[in-house]
1. Using the beta-carbon distance between A:LEU47 and A:GLN83 and R0 = 25 Å, what value does 1/(1 + (r/R0)^6) give for FRET efficiency, to the nearest 0.05?
2. Which residues make up the longest stretch of chain A that has no GluC sites (Glu not before Pro) in a DSSP loop with at most 14 other Cβ atoms within 10 Å?
3. Let me know the charge dipole size of the stretch A:1-114 about its Cα centre in debye, to the nearest 20, where only the beta-carbon of Lys, Arg (+1) and Asp, Glu (-1) is charged.
4. Taking the Cβ of B:TYR64 as the center, what net charge do the other residues with Cβ under 13 Å away carry, scoring Lys and Arg +1 and Asp and Glu -1?
5. Residues in the stretch A:86-115 near a label at A:ARG63, defined as backbone nitrogen under 12 Å from the 7 Å Cα→Cβ point?
6. Relative to the isolated chain, which residues of the stretch B:85-112 have their accessible area cut by 40 Å² or more in the presence of all protein chains (1.4 Å probe, heavy atoms, no ligands or nucleic acids)?
7. Taking only C-alpha pairs under 8 Å that are 6+ residues apart, what is the relative contact order of chain B in percent?
8. If the only charges are +1 at each Lys and Arg Cβ and -1 at each Asp and Glu Cβ, what is the size of the charge dipole of chain B around the Cα centre, to the nearest 20 debye?
Amino acid sequence: AQTVTQSQPEMSVQEAETVTLSCTYDTSESDYYLFWYKQPPSRQMILVIRQEAYKQQNATENRFSVNFQKAAKSFSLKISDSQLGDAAMYFCAYRTQGGSEKLVFGKGTKLTVNP
Amino acid sequence: EAQVTQNPRYLITVTGKKLTVTCSQNMNHEYMSWYRQDPGLGLRQIYYSMNVEVTDKGDVPEGYKVSRKEKRNFPLILESPSPNQTSLYFCASSLSSGYGYTFGSGTRLTVV
């Protein structure tokens, strides 16, 4: 079964600085999809970024980018120019292929942004 | 606006009183799924559906039922709620395999 591990329960960053959130996963599949979700205090789950495992190029969405290392099964999220509104729980997720097509989530990293 | 709509957002009920949490999406998505989020346990899939009339159990289906009579709707039914079903529930939908899921705003359920 696939597992997702986020080793940093909490992180903090100064406004306008850069922060990197770590995620590792375990799978025997060769083709899969990875995601980062943001959950602010409003509790809404918001899709931040998506990575296709067969693509070498790292995904980027504005200030958010990933460092995808397939061989190491690592999928970190970099947030540049951090803003107060980035404060939230961040979840790394793996989408299983076939069957339930479920998202397997890590336990999350709570990000605090200091003014 | 493309969205997944869940209702209600908050619900307090008593043990054994049947309830339904509604979920509707306006994006013509094939995949729909229910998750529950609990402290220390994270998000876990309850039930999922790949299309109309096609549903199956996820990781924690006990005590729940679902139906998918129309593509847009995927209600979650608790026939006889118990306190261990107190949780934050999310409905989510996805276009097809490999895409990200769009989540509803969540339903905070308390069973006393």
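The values are calculated or read from the model by the stated rules, or taken from the named source; none is laboratory data. Since the structure is predicted, the reported quantities are computational estimates derived from the model, not experimental observations. Note that we place each Cβ from the backbone using ideal geometry, even for glycine, and neighbour counts take in every protein chain shown. Just so you know, the surface numbers come from the protein's heavy atoms only, side chains and all, with ligands and any DNA or RNA stripped out. Shrake-Rupley method; radii C 1.70, N 1.55, O 1.52, S 1.80 Å.
1. Computed FRET efficiency for A:LEU47 and A:GLN83 comes out at 0.90.
2. That gives A:30-115 as the longest site-free run.
3. 180
4. Working: positive: B:LYS18, B:ARG36, B:ARG44, B:LYS57, B:LYS65; negative: B:ASP56, B:ASP59, B:GLU62, B:GLU79.
The answer is +1.
5. A:86-88, A:113-115
6. Checking the loss per residue gives B:SER97, B:GLY98, B:GLY100, B:TYR101, B:PHE103.
7. Normalised by residue count, the contact order of chain B is 36 percent.
8. On the way: 12 positive and 9 negative charges, 56 e Å.
Roughly 260 debye, rounded to the nearest 20.
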